[in-house]
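Here's the structure, in structure tokens; my notes come after.
The values are calculated or read from the model by the stated rules, or taken from the named source; none is laboratory data. Just so it is clear, the model here is predicted, and its values are computed rather than measured. Cβ sites come from the backbone with ideal geometry, for glycine too, and all protein chains shown count toward neighbours. The protein model used for the area step is the full one, side chains on, heavy atoms only, and it has no ligands, DNA or RNA in it. Shrake-Rupley method; radii C 1.70, N 1.55, O 1.52, S 1.80 Å.
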Amino acid sequence: MLKVKAEIYFLTEQEGGMKNDVRNGFMPSFDVNGDLIMCKIICNEETITRGKKHIVEMEFPYGEVYSQYIVKGYEANFHVGSVVLGHGKILDVIQVTLDETTT
């Protein structure tokens, strides 16, 4: 598991994004070096308003595999399927926990 602090922005409908705001706990894919990996967005607010920057925590369940890429300053897009919904920038790595079930 990899946890980070990030600045995120979701596109408005006019910018090609979704019609509705995003909810706390939303789980889009995040582009990491060409691979789309799942992440969970955790915010102090219940609703993450489109068209506005937010500081959040993000969890990547298997992010330790990509920890050489997901570092402070890394920027990438959020996807649902092939649709880009927004983008994020890693501000700080909070925690890296190795998955001990894989050998």
**Study point:** Single residue of the stretch 52-68 satisfying the filter (in a loop (DSSP other than H, G, I, E, B) and either open to solvent by 90 Å² or more (accessible area, probe 1.4 Å) or of a type in the set (F, W, Y) (or both)) that is farthest from V4 (Cα to Cα)
**Key:** K52
Review point. Counting just the residues of the stretch 42-51 that are in a loop (DSSP other than H, G, I, E, B) and of a type outside the set (K, R), which one comes out surrounded by the most Cβ atoms within 10 Å (Cβ to Cβ)?
Key: C43
Exercise for review: Pull up the stretch 42-64, narrow it to residues that are acidic (D, E) and touching a residue at least 24 places away in the same chain (Cβ under 8 Å), then point me to the one that is nearest to Y9 (Cα to Cα).
Suggested key: E57
Check your understanding: In the stretch 2-41, how many residues are surrounded by fewer than 17 Cβ atoms within 10 Å (Cβ to Cβ), in contact (Cβ under 8 Å) with a residue 60 or more places away in the chain and within 19 Å of V71 (Cβ to Cβ)?
Key -> 2
Study note, to complete from the structure: Counting only residues that are in contact with a His (Cβ under 7 Å, 6 or more places away or on another chain) and among the β-branched types (V, I, T), the stretch 4-41 contains a total of 1
